[in-house]
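Working notes, beginning with the structure itself.
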């Protein structure tokens, strides 16, 4: 490729305070220096817009360093290696990484190699690239690892998923079906339950908001009990599911979204059942499983090609339109995950 | 051996109601029939007195069938095979089993073989037989399996045990020390804590009754955090330990003694830490691990012979004195486990 003279990027103007004002970032064009020894030029193809972007745009603690005013905004991207002066990266390689909101980025090859959030991927010829930040992205990996590795799900088993219409839940629901399980979802509202049954083909869905006694409702819908519970919600929902677990059941503690941001935490009363039913409840972090991701991806690619997984992103054309799309992260005015098409996909 | 004409047994006269009256059982002598094909004569050596005896003597649900008035009382025994008309049992074999409170019992060999609570044991020549219902008995197996198989404890790791001065806790504490761990105990009262430090040589013991803020006290005593928590107690104690768990820590859910027999269950608030700290919390039942017990026993025998485990039973001489010892199960007027020496140990 011919290296461009300049790159474009979104730069932090001021932090997000109480809601987005649409001017937190400004668009800049900056000169692109020549590659030095050991450096790699990343040509951004896709930028994924995630809830974490709002955190990164705020002044607050996170697992990554605080961005400063004047820094380029940070995001999850897929990039092609446009040029490389590092032996581990060759022109045309694809990487999934966290970098700036920029069309081109020069990075240190060693740092990229040592960064455990960065992964080389080999996109399948018949799979659209945006699937690798969508269905085949980190949310999908989490759901897969949670169900199959942590939950040790086997075909034919009865799985229950809480928050089943949420980002991770939707992936867990599809993966569990693709793995041959009998899949039930918990969600709030009739519309979400309808979606789970009609679009994701779950065996049944339970509207927890409509249930008078959720523990009882679950036992009516799944009388033989739950073998694997993929829990995104925690709290009261977990308490209602525990008595419905089978002996030797597994609870995948994916999240406790019901408990986030509340000063008063709900106390789970049914924990003694962990002993008497010999349950296993386990949390996990996808970063601990990255060495298994290539196998996971291969399986998920096959399922996607077989139509067992749906890839449904909401694509925004052009990096210059990225800031304008941020409010959708708050209002939910989109179906599917937000992805910005930057370009550079092919040479 | 010469087969006796009669056997002696404790027979149920009436059920236990509100406290023992000392006449729930009566002593009977009954004729001992000849062995038929397929039958085995068990000569009882030792009878273990356990809390479960009080359940079996009551009119209530249990995992074993309800005993009837006129039935021989049931107990955990070690017996020698006195004579056998079954190919799987030879005279001189030892079995650990649940049978009647009797000096001799004729059983069906097939039933004995198929009973998963019954185990053949090969007592070590240098280990006293009563150790096999004491330190090397089922409580010890539970502690071993819980720590080593469920908890995956490795030498050098920091273990915390709740209810550390209780029957299972005492075994867990000794086994964890023998396995080379750094061992901390939670117990109620200064005297129990002193025992844990002086007699069981724990690295430290925390009196939870004396702690103003237990979560804080634990973090002061174990500032680097707990890698394996062997929990016999549950409830508030579990809530105080959760924030003190290390990343990837394991919680062995051995019991929830704090929650038994209370109408109002304590709600555990810190469960979201299971996800963020990627903890594993797991219950287990010793019966699911019986196929591994021979290896467990071999290791524990070595530890006992090396002085790493203490065997301290309270021995009562003679089956005829068994009923009189029952109240000790309620009052705790004994140090160590209650075991009745019946005889028959050697031919």
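Throughout, read-outs are computed from the coordinates displayed, never taken from laboratory work. Since this is a predicted model, take the numbers as computed values, not measurements. Don't worry about glycine lacking a Cβ; one is built from the backbone with ideal geometry, like all the others, and counts go over all protein chains shown.
Structure data summary
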{"item": "Computed Kirkwood radius, in angstrom, where 1/r is averaged over Cα pairs of the stretch B:1-70", "result": "14.5"}
{"item": "Distance in nm between pseudo-label sites at residue B:37 and residue B:276 (7 Å out along the Cβ direction from Cα)", "result": "7.0"}
{"item": "Chain B - share of DSSP beta bridges that are antiparallel (%, nearest 5)", "result": "60"}
{"item": "Label-point gap, in nm, between residue B:321 and residue A:3 - each point 7 angstrom along Cα→Cβ", "result": "9.3"}
{"item": "Approximate shape of the stretch A:2-139 as ellipsoid semi-axes (Cα gyration tensor, √5λ), whole Å, largest first", "result": "25, 19, 14"}
{"item": "Length-normalised contact order of the stretch A:83-222 in % [C-alpha pairs under 8 Å, at least 6 apart]", "result": "14"}
{"item": "Square roots of 5 times each gyration tensor eigenvalue, C-alpha, chain B, largest first, Å", "result": "39, 22, 18"}
{"item": "Cβ-Cβ FRET estimate between residue B:219 and residue B:194, R0 fixed at 25 Å, reported to 0.05", "result": "0.65"}
{"item": "Other protein chain Cβ atoms within 10 Å, averaged over every residue that makes up B:276-288", "result": "6"}
{"item": "Relative contact order (percent, whole number), chain A, Cα cutoff 8 Å, 6+ residue spacing", "result": "17"}
{"item": "Antiparallel DSSP beta bridges within the protein assembly as shown, as percent of all bridges there, nearest 5", "result": "60"}
{"item": "Ratio Rg/Rh, restricted to the stretch A:254-306 and using Cα atoms, in which Rh is the Kirkwood radius", "result": "1.16"}
{"item": "Rotation relating A and B, chain B residue nearest the axis via C-beta, angstrom", "result": "B:267, 1"}
{"item": "Exposure proxy order (Cβ contacts within 10 Å, fewest to most) of B:101, B:10", "result": "B:10, B:101"}
{"item": "Value of [θ]222 nm, deg cm²/dmol, for chain A, DSSP H segments ≥ 4, -39500 (n - 2.57) each, nearest 500", "result": "-6000 deg cm²/dmol"}
{"item": "Ranked packing of A:242-253, A:278-289, most packed first, by mean Cβ within 10 Å", "result": "A:242-253, A:278-289"}
{"item": "Rg/Rh ratio calculated on Cα atoms of the stretch B:224-343 (Kirkwood radius)", "result": "1.08"}
{"item": "Estimated distance in nm for a label pair at residue A:68 and residue B:113, the labels positioned 7 Å out from Cα along Cα-to-Cβ", "result": "7.9"}
{"item": "Cβ-vector label at 7 Å, residue A:117, separations to other copies in nm", "result": "5.6"}
{"item": "Cα principal axis extents for the stretch A:168-226, largest first, Å", "result": "31, 26, 18"}
{"item": "Net lengthening on full extension, residue A:30/residue A:152 (0.36 nm per residue, minus Cα-Cα)", "result": "39.0 nm"}
{"item": "Cα long-axis angle, helix B:293-305 against chain B (0 to 90 degrees, to the nearest 10)", "result": "80"}
{"item": "With 5 Å bins from 0: P(r) over the stretch B:138-287, alpha-carbon pairs, percent", "result": "2, 11, 21, 25, 23, 13, 5, 1"}
{"item": "Rounded tilt (10° steps) of A:167-178 against the dominant C-alpha axis of chain A", "result": "70"}
{"item": "Calculated label separations, residue A:22, copies of the chain, 7 Å along the beta-carbon direction, nm", "result": "9.1"}
{"item": "Ratio Rg/Rh, restricted to the protein assembly as shown and using Cα atoms, in which Rh is the Kirkwood radius", "result": "1.08"}
{"item": "Dimensions (Å) - the stretch B:60-141, Cα atoms, principal axes, largest first", "result": "40, 32, 22"}
{"item": "Rounded Å value of the spacing that divides the Cα centres of the stretch B:1-55 and the stretch A:62-87", "result": "77"}
{"item": "DSSP beta bridges in the stretch B:138-287 [antiparallel fraction, %, rounded to 5]", "result": "0"}
